[in-house]
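Asks: Please see the structure below; I have some questions.
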Number of protein chains: 2
Amino acid sequence: MPRHPTKRDFPVAEVRRYLEPGPIVLVSARRRGKANIMTLGWHTVMEFTPSLVGCVIAAGNHSFAMIRESRECVINLPTTALTDTVVAIGNTSGAEIDKFAAFGLTADDAREVEAPLIRECHASFECRLHDDALVDRYNFFIFRVVCAHVAPTPEHPQTLHYTGDGVFMVAGKVISRRSKFRPEML
Amino acid sequence: MPRHPTKRDFPVAEVRRYLEPGPIVLVSARRRGKANIMTLGWHTVMEFTPSLVGCVIAAGNHSFAMIRESRECVINLPTTALTDTVVAIGNTSGAEIDKFAAFGLTADDAREVEAPLIRECHASFECRLHDDALVDRYNFFIFRVVCAHVAPTPEHPQTLHYTGDGVFMVAGKVISRRSKFRPEML
């Protein structure tokens, strides 16, 4: 797997392909010129069009205020090649370190938002805050994906799925029931 | 894998272990004596205590009104042993068939809710509707897990993670970074 996967434009209405399986993601943000990254496992697809994703971002995270105020972020999809980086990002706070510099990650310019893309990730989804109605009560942000970038290979990258306690499940093997797929049933 | 895993009581505050990895789940409901099951991939853990899980249940589903009116459901975790059943449940409507009978599944009594447990699943989480604030706008139900049942073995069952188009990723292999786990960072 290349250290820097080359990403291409991807339809925002189809990001469920990467997010519905429930991988750990790296959420990047930028505010007042400073960038940060957090690991996040509590997210769900909510709609195809507009392309909506709901995320719980605990108020204790350094990124919480950055995202709430900038009303933007990027949801990046790491693969197992970045396992130790994912753990390190989750174990540190952007209040204390610059995570891009500390962990050797590259901040690329996004197209629609100020928050940076993480070059080393398999996919990056640029997001705008769509609805903050449940932020006060549940720290629940509803984002609209406005631009998507995905590496075309591998077709099914090995992703990390967090169980807590420092243990991840790995998904990558595929079972196809495409022949039984009924598009009207999703 | 036994066809009927034996489940034991499990702490409701720890259901993230099974749901945070993002598996396809089978949601069972009961209203006016009739039970139904739907497949669901759009869910996220939202809080440990109370144990909250958010789920998008499209209004077109037969279960939507059943769950909205009964204000209860059970979130059941199938493994790859049930792959074809998961697909069949997703391809049919409870308006037309009795899915328990049609697919040879066993409805066990739950402890706290009227909705049935699916005996053949690895885990079953009894839920009460906790907050319906976003149901009208996004079909987003926030449930509180009030009782949890989990088969103790296998420790990491193979679960199905849906990508759309009839294709599932399988998670089961585990990567542990437990030695680096910092409980205060989750």
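Computed from the coordinates by the stated procedures, all read-outs in this text should not be read as laboratory data. Just so it is clear, the model here is predicted, and its values are computed rather than measured. Ideal geometry is used to build each Cβ from the backbone, glycine not excepted, and the neighbour counts take in all protein chains shown.
Asks: Counting other beta carbons within 10 Å of each residue's own, what order do A:Leu129, A:Leu77 fall into, fewest first?
Replies: Sorted ascending by nearby Cβ count, the order is A:Leu129, A:Leu77.
Asks: Among the chymotrypsin sites (Phe, Trp or Tyr not before Pro) within the stretch B:87-156, which fall in a DSSP loop and have no more than 11 other Cβ atoms within 10 Å of their own Cβ?
Replies: Details: sites: B:Phe100, B:Phe103, B:Phe125, B:Tyr138, B:Phe140, B:Phe141, B:Phe143; in loops: B:Phe103.
In loop regions of the stretch B:87-156 (DSSP not H, G, I, E or B), there are no sparsely surrounded chymotrypsin sites (Phe, Trp or Tyr not before Pro).
Asks: Please report Rg over Rh for the stretch A:8-185, where both radii come from the alpha carbon positions and Rh follows the Kirkwood definition.
Replies: On the Cα set of the stretch A:8-185, Rg over Rh gives 0.95.
Asks: Using the Cα centre as the reference, give the magnitude of the dipole from point charges on the C-beta atoms of the protein assembly as shown (Lys, Arg: +1; Asp, Glu: -1; all else neutral), rounded to the nearest 20 debye.
Replies: Values: 44 positive and 42 negative charges, 100 e Å.
So the magnitude is around 480 debye.
Asks: Excluding residues fewer than 8 places away in the same chain, name every one of the lysines whose C-alpha is closer than 18 Å to that of B:Lys34.
Replies: B:Lys99
Asks: Compare A:Glu155, A:Glu47, A:Glu112 in a GNM of chain A, Cα atoms joined below 10 Å, and give the one with the largest fluctuation.
Replies: Comparing A:Glu155, A:Glu47, A:Glu112 in a Gaussian network model of chain A, the most mobile one is A:Glu155.
Asks: Determine the dipole magnitude for the stretch B:8-185: charges of +1 sit on the beta-carbon of Lys and Arg, -1 on that of Asp and Glu, nothing else is charged, the reference point is the Cα centre, and the result goes in debye to the nearest 20.
Replies: It works out to roughly 380 debye.
Asks: How many nanometers, to one decimal and shortest first, lie between the label point of B:Ser179 and those of its other copies, if labels sit 7 Å from Cα toward Cβ?
Replies: Copy-to-copy label distances at B:Ser179, shortest first: 4.6 nm.
Asks: Output, in nm with one decimal and in ascending order, the distances from the A:Ala102 label point to the matching label points of the other copies (7 Å from Cα along Cα-to-Cβ).
Replies: Label-point distances to the other copies, shortest first: 5.3 nm.
Asks: A follow-up question, please. If you average 1/r over all unlike Cα pairs in the protein assembly as shown and invert the result, what Kirkwood radius do you get in angstrom? Mind showing how you got there, number by number?
Replies: On the way: mean 1/r = 0.0485 Å⁻¹.
Radius from the Kirkwood sum: 20.6 Å.
Asks: Can you list, shortest first and in nm, the gaps between the label point of B:Ala65 and those of its counterparts in the other copies, using a point 7 Å from Cα in the C-beta direction?
Replies: 4.9
Asks: Just report the Cα centroid separation between the stretch A:30-101 and the stretch A:154-186, whole Å.
Replies: That distance is 21 Å.
Asks: Further question on the same structure: Closest to the A-onto-B rotation axis, which residue of chain A has its Cβ, and how many Å off the axis is it?
Replies: Of all Cβ atoms in chain A, the one nearest the axis gives A:Gly22, 0.
Asks: Straight-line reach only, C-alpha to C-alpha below 12 angstrom: list the aspartates and glutamates that A:Lys173 could link to, leaving out same-chain residues fewer than 8 apart.
Replies: Partners found: A:Glu155.
Asks: Of B:His149, A:Gly94, A:Gly54, which is farthest along the charge dipole of the protein assembly as shown in the positive direction, counting Lys and Arg as +1 and Asp and Glu as -1 at C-beta?
Replies: Positive-most Cα among the choices belongs to B:His149.
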